[in-house]
Amino acid sequence: MKSNDSCESLIEKYYRAIFLYCLQLLGQDIVAAEDCTQDVFETLLEKKNSLDFDQNMRGWLYATADRICKDFRKKETKRIELVGSIDEIGEIPDLNVLDDSTAVFDSLSNEEIRLLKEYYSEKYGERMNLAKKYGMTQSQLTMKIHAIRKKLAKSI
Amino acid sequence: MTNRELIERVYSNHSDAEYLRELQDCLNDELKKPVSEQDFDLIEDITEAIAVLNGTEQYVSTRTEQGIAKIKKDIQQQRRKKMRIRFGGIAACIAAVLTGTNVLSYSVYGQNVFSAATQVLQNDVVVDFSKQDPTSIEVGNAYEEDMRQICAEHNMDVHLPTYIPEGFEPTEYFIDFIESDCQESLSFYFKKGSKKLIFMAIQILTEEGNIPLGIPCDEHHISEQVIDNTVVTVVKEDNQFNAVFMIDQVQYQVYADGVDYDDCQRVLESCFE
């Protein structure tokens, strides 16, 4: 009972992370990434009785994913590549109607306006540090900016 | 930067493309390291940010849910397969469904020694629960909460032993649908060193599923007990204890190997508490 419960707990906790990891290693090839992710956790199930679940299982999963993806790349065939859109807002508003007034920013808080300005400052290389400055992770910063952009789009 | 310039920058794909490249470069630097040196927190953080920028976050969430469900289904199938193999492996020790054998008349053992439900065969004892008529017959578990939870998860309402001998640890449990026999069985395995204890409950789903249980035995050390108005057939042989009984369309079996018979009896009686 213990090893099955441990496996299920690891699957719930790390499946998404391993999936995203495989996506990166396989150049955003979604089908390949799904197959390899499944292989990682199938391997976990096969070897569960010989694994020490008190050890660093996260590291084991990443190492297994790395190995499986490398093996896959060696026998790679043409597959579907996932291509998303950088701009998730949808239709871009007509910027010609804009003047230099601050009315469009009425829907945002001062904090959001400040964050937006810093994010889109001249120095692109500073965005990595911006997250740390506000005590956020990269993904939190990205999602925050996207939420602010959506609010802004509605008010334009 | 004027407000207009800011907004133009916000809606420029160019700026986010730059950020995406920046994130990708950082990630690639991390992935170049040996796996043992990689910062998994950073990798997870950046891959999530990339998914958001790529607009694939929701898709990844959906596929993750589906992938997890598939793996869990595989786990369930493994459990059922293991039980079938295990039952086959210890068939000589536990009760098995008999399809038909030569039957010796129970009168060899004397009239009315056993209820009409129990028939002694050459190499087995057969208990036909449909022939039991309890009214005419004159005869503590540290894991109980876990066992009850498992039963509840599988919609099985069965009696469970309230006593498991000290030192026994649960190893596995199995749920299996035996469709051809219209039964659903649930079994819990306990071990203490080389000693084994198995509790099994077979829920009869249809009339066809109410099939007599057979207990392989050589010496025919058989007895019947009446516990709480229920007839229990017990075989004790070669340091093995086998007890079968039926309550409310559920056939029960308590099997033990290498366990003191008094402890076995306590386990059996605790099923009725």
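General remarks:
- Per-pair calculated FRET efficiency, R0 = 41 Å: A:Lys154 and B:Arg21 via Cβ, rounded to 0.05: 0.90
- Residues A:Lys13 and B:Thr62, FRET efficiency given R0 of 22 Å [Cβ-Cβ distance, rounded to 0.05]: 0.75
- For the cross-link pairs A:Lys70/B:Lys33; B:Lys195/B:Lys236; A:Lys48/B:Lys32; A:Lys47/B:Lys72, the ones whose C-alpha atoms lie over 19 Å apart are A:Lys48/B:Lys32.
- FRET efficiency, 1/(1 + (r/R0)^6) with R0 60 Å, evaluated for A:Lys75 and B:Asp262 via beta carbons: 0.45
- Each of the peptides A:104-110, B:46-52 was scored by the mean count of other Cβ atoms within 10 Å over its residues; in descending order, highest first, they stand as B:46-52, A:104-110.
- When B:Thr233, A:Thr64 are sorted by how many other C-beta atoms sit within 10 angstrom of their C-beta, beginning with the fewest, the order is A:Thr64, B:Thr233.
- Ordering B:196-202, A:112-118, B:150-156 by mean Cβ neighbour count within 10 Å, with the highest value first, yields B:196-202, A:112-118, B:150-156.
- Prolate/oblate/rounded label for segment B:1-64 (Cα gyration tensor, a/c 1.5): oblate
- Note on segment A:28-69: dipole from Cβ charges, positive end direction compared against A:Phe53, A:Ala65, A:Thr43; the farthest Cα belongs to A:Phe53.
Computed from the coordinates by the stated procedures, all read-outs in this text should not be read as laboratory data. Remember, it's a predicted structure, so these values are computed and weren't measured experimentally. So basically every Cβ, Gly included, is an ideal-geometry build from the backbone, and we count neighbours across all protein chains shown.
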